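These notes are about the structure you will find just below.
The values are calculated or read from the model by the stated rules, or taken from the named source; none is laboratory data. Note that the structure is predicted; figures quoted are calculated from it, not measured. Here the Cβ positions follow ideal geometry from the backbone for every residue, glycine too, while neighbour counts run over all protein chains shown. Note: accessible area is taken over every heavy atom of the protein model, side chains too, but ligands, DNA and RNA are not part of it. Shrake-Rupley method; radii C 1.70, N 1.55, O 1.52, S 1.80 Å.
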Amino acid sequence: QVQLVESGGGLVQEGGSLRLSCAASARAFSSPTMGWFRQAPGKEREFVAGFSWSVYSTYYADSVKGRFTISRDTAKNTLSLQMNSLKPADTAVYYCAATRRLMTRNRSDYDTWGQGTQVTVSS
């Protein structure tokens, strides 16, 4: 069974930090690329960060570059997103996703999704 389960969301003040985790089934974790997306109320789901492990490459949306770090723990089959210097604009539901493609930011390329975790940043 292909499964992704996010955790770690919550309420944090502006400038604070949160660490999101995505527990993946073995099949999902073997996907060439895993990534994080987010969706704010009334907005489309947008790409945040990706990790193509087979080419050991990470890539980020410009809006989070330098503040967020994506990482992969092979011992725990877990994808993480360390979020620092959080802003109210980062408030959204964050989703973990997997795809067979490499280095893609395209939402439609991802075929496995988690249920999402809420991140709220207060000013």
Practice item. Answer with yes or no whether Met103 is in contact (Cβ under 8 Å) with a residue 60 or more places away in the chain and open to solvent by less than 30 Å² (accessible area, probe 1.4 Å). Key: no
Exercise for review: Counting only residues that are open to solvent by 20 Å² or more (accessible area, probe 1.4 Å) and closer than 16 Å to Arg72 by Cβ, give me the strands (runs of 3 or more DSSP E) lying completely in region 1-44 with at least 1 of them.
Suggested key: 4-7, 18-24
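Here is a yes/no grid of residues against (1) of a type in the set (A, V, I, L, M); (2) at pLDDT 95 or above:
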residue	(1), (2)
Gly15	no, yes
Ser21	no, yes
Met34	yes, yes
Ser54	no, no
Asn77	no, yes
Lys87	no, yes
Ala98	yes, yes
Met103	yes, yes
Practice item. For Ser80, indicate whether it is in contact (Cβ under 8 Å) with a residue 24 or more places away in the chain, surrounded by 17 or more Cβ atoms within 10 Å (Cβ to Cβ) and either in a strand (DSSP E or B) or of a type outside the set (Val, Ile, Thr) (or both). Key: yes
Revision key, fill the gap. Pro41 vs (1) over 24 Å from Ser122 (Cβ atoms); (2) at pLDDT below 95: all pass except (1)
Study note, to complete from the structure: Scanning region 84-100 for residues that are touching a residue at least 60 places away in the same chain (Cβ under 8 Å), of a type in the set (S, T, N, Q) and within 21 Å of Ser63 (Cα to Cα) gives Asn84, Ser85
Study note, to complete from the structure: Out of (1) under 14 Å from the mean Cα position of the chain (by Cα); (2) part of a helix (DSSP H, G or I), the one Tyr94 does not meet is (2)
